[in-house]
Amino acid sequence: MNLLESYILSIHHLSKKSLKDLTDLFEYKVYKSNDILCEVDTIPTKTFFLRNGCVKAYIPSSINKSYVRRIYAENIIFSSYSALIKNTKSIYNLKCITDCEILECNYEEFIKLSEKNIEVAIFIRKAIEKLYVTYINRNIDFLTLDATERYKNLVEKIPEIESFLTQNEIASHLAISKMQLNRLKKKLNNYS
């Protein structure tokens with residue numbers, strides 16, 4: 001069983017036929033670090049499954065700074081979902097921050113299959129519920145955890161994060177300044 005099938009079945013059990021119909025929609029692609037999967041002000045058409053690598057969702061700024069909204073690590077389905085669902089322009093870029101192996105799927109074909117196949121429709125509902133819970137948990141973390149705890153959680157989730165994101169990008173993702181990040185890292189190093 002491949003990673004995509006395992007991911008799908010971890011969310012909802014599908015018959016062999018439904019699983020094959022769904023996984024057949026995905027096409028294997030290799031992207032290099034810095035490749036853009038979705039660009040600001042474009043209407044996205046694809047959803048992605050990240051087999052290997054890391055991708056960041058970020059909002060570029062006119063002052064040569066970016067706001068890192070989300071970091072996606074291996075074994076997750078992702079896209080610019082709000083724009084994809086509403087068929088509007090994306091407000092952020094999706095950019096590979098490492099070389100990535102990605103399975104991509106045309107979102108319209110994904111939806112057409114769900115309209116014909118109740119098992120796939122249930123999978124999509126449960127996948128959206130999982131994304132929603134992840135989103136809510138991230139918001140709760142921002143409300144209840146201090147920056148040190150959020151940083152430790154990030155490094156635990158993606159141990160090599162320091163090697164492919166700048167200190168500014170990590171600080172942006174944690175909603176702190178670069179100076180605060182440097183202070184908390186120094187404090188953590190003194191305790192280790």
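List of remarks:
- Residues (basic (Lys, Arg) and exposed (fewer than 11 other Cβ atoms within 10 Å of the Cβ)) located in region 162-186: Lys186
- Qualifying residue in region 100-119 (condition: at pLDDT 95 or above and touching a His at 6+ places or on another chain (Cβ under 8 Å)): yes
- Some residue of region 81-100 being in contact (Cβ under 8 Å) with a residue 40 or more places away in the chain, of a type in the set (Asp, Glu), surrounded by fewer than 19 Cβ atoms within 10 Å (Cβ to Cβ) and touching a Phe, Trp or Tyr at 6+ places or on another chain (Cβ under 9 Å): yes
- Tyr67 being over 19 Å from Tyr107 (Cα atoms), hydroxyl-bearing (Ser, Thr, Tyr) and out of contact with any helix residue (DSSP H, G or I) (no Cβ under 6 Å at 6 or more places or on another chain): no
- Ile176 fulfils the conditions (1) out of contact with any strand residue (DSSP E or B) (no Cβ under 6 Å at 6 or more places or on another chain); (2) under 15 Å from Arg69 (Cα atoms); (3) assigned to a helix (DSSP H, G or I); (4) not acidic (Asp, Glu) except for a single criterion, (3).
- Checking each residue in region 41-53 for being buried (at least 16 other Cβ atoms within 10 Å of the Cβ) and touching a Ser or Thr at 6+ places or on another chain (Cβ under 7 Å) picks out Pro44, Lys46, Thr47, Phe48, Gly53.
- Selected residue [of a type in the set (Phe, Trp, Tyr), without any contact (Cβ under 8 Å) to a residue 24 or more places away in the chain and surrounded by 13 or more Cβ atoms within 10 Å (Cβ to Cβ)] from Tyr31, Tyr58, Tyr72: Tyr72
- A search for C-beta distances below 8 Å between a residue of region 4-21 that is free of Cβ contacts under 8 Å to residues at least 24 places away in the same chain and any residue that is exposed (fewer than 14 other Cβ atoms within 10 Å of the Cβ), counting only pairs 6+ apart in sequence or on different chains, returns Leu9/Met1; Leu19/Leu9.
- Top-ranked residue in region 108-161 [being among the hydroxyl-bearing types (Ser, Thr, Tyr) and either touching a Cys at 6+ places or on another chain (Cβ under 9 Å) or over 15 Å from Tyr81 (Cα atoms) (or both); ranked as surrounded by the fewest Cβ atoms within 10 Å (Cβ to Cβ)]: Thr144
The values are calculated or read from the model by the stated rules, or taken from the named source; none is laboratory data. From a predicted model like this one, the values you see are computed outputs, not experimental measurements. Reconstructed Cβ throughout: ideal geometry from the backbone, glycine too, with neighbour counts over all protein chains shown.
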